[in-house]
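In what follows, a single structure is set out as structure tokens and then discussed.
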């Protein structure tokens, strides 16, 4: 159960969030809980979850260890805060900041190199779904952005399926639509990495996940977890998703 805070919350607001969230969610043993705050709040988040099973992740990662890359944050910098996970290739990074399948692969490899668990995001735009190209788009994103990993590397990642048309729009893919997309992604995994990898990979659903739709989404055997946007900003709301 992962939360992506996007560009919200100062360090002080982060500390206040966890004061409410920890008592509600830290005893949950049925799932792994990850929250991805902005870079400036990573240290505050890590401090706030000390002694709990809650993990902290970053929202992006540079593909180099260091260098002349103004505005980027490297794997060692993220790891130094105590964060253990990182989102890679979120649709907003693709849409607004020129992220490509090629850079997704490079960032994923960098995360693994520096001991971070990448949650690699894939998903189609509305026009791609409406033209019947969902599976083709997912296959392309997988082939160009994930398939270049070695088997050993692939075993350490998670994948998040996020239909772009359902992010922050209030629209949610039906559980059946989400499950079909997850099956398509798992099929790509099976073809490239084999049955064992396909059974083991965790594929999360993201796209307007809320407390009132979490149970129906998680009832789908293909859905292994969720990547939550807006609903993860409220401690009570996100705790109810974690504890569904």
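Once the piece of chain linking residue 196 and residue 180 is laid out straight, how much longer is it, given 0.36 nm per residue of separation minus the C-alpha distance between them?
Contour length minus the Cα-Cα distance gives 3.8 nm.
Could you work out the helix-only [θ] at 222 nm for the chain, with each DSSP H run of four or more residues adding -39,500 (n - 2.57) and the total divided by the number of residues, to the nearest 500 deg cm²/dmol?
So the calculated ellipticity at 222 nm is -12500 deg cm²/dmol.
Mean separation of Cα pairs under 8 Å and 6+ residues apart, divided by the residue count of the stretch 15-67: what relative contact order is that in percent?
Relative contact order here is 40 percent.
Mean separation of Cα pairs under 8 Å and 6+ residues apart, divided by the residue count of the stretch 99-147: what relative contact order is that in percent?
48 percent
I need 125, 107 ordered by Cβ neighbour count within 10 Å, fewest first.
Ranked by crowding around the Cβ, least crowded first: 125, 107.
Remind me, relative contact order of the stretch 2-242 in percent, using alpha carbon pairs under 8 angstrom and six or more residues apart?
Answer for the stretch 2-242 is 19 percent.
Cut-off is 10 Å between beta-carbons; in what order do 201, 119 appear when sorted fewest neighbours first?
Fewest-to-most Cβ neighbours within 10 Å comes out as 201, 119.
Averaged over all directions, how much area does the convex hull of the C-alpha atoms of the stretch 2-242 cover when projected, in nm²?
Orientation-averaged projected area of the Cα hull: 12.1 nm².
With springs only between Cα atoms under 10 Å apart, run a GNM on the chain and tell me which of 141, 109, 153 wobbles the most.
Most flexible of the set in this elastic network: 153.
For the stretch 87-170, compute Rh as the Kirkwood radius over C-alpha pairs and then the Stokes-Einstein diffusion coefficient at 25 °C and 0.890 mPa s; write the answer in µm²/s, rounded to an integer.
The estimated diffusion coefficient comes to 188 µm²/s.
Find how many whole Å separate the alpha carbon centroid of the stretch 1-61 from the alpha carbon centroid of the stretch 182-244.
18 Å
Could you give the length gained by full extension between residue 169 and residue 152, i.e. 0.36 nm per residue of separation minus their alpha carbon distance, to one decimal place? Let's see the in-between values first.
Values: separation 17, 0.36 × 17 = 6.12 nm, distance 3.65 nm.
Going from the current span to full extension adds 2.5 nm.
If R0 is 30 Å, what FRET efficiency do you get for residue 140 and residue 53 from their C-beta distance, rounded to 0.05?
That gives a FRET efficiency of 0.25.
So how do 219-228, 130-139 stack up, highest first, on mean other-Cβ count within 10 Å? Walk me through the numbers before you get to the answer.
Numbers: 219-228: 19.5, 130-139: 15.5.
Output ranking for 219-228, 130-139: 219-228, 130-139.
Values in this text are rule-based calculations from the coordinates and carry no lab data. Everything numeric in this text was worked out from a predicted model, so none of it was measured. Quick reminder, even Gly has a Cβ in these numbers, built from the backbone with ideal geometry, and neighbours come from all protein chains shown.
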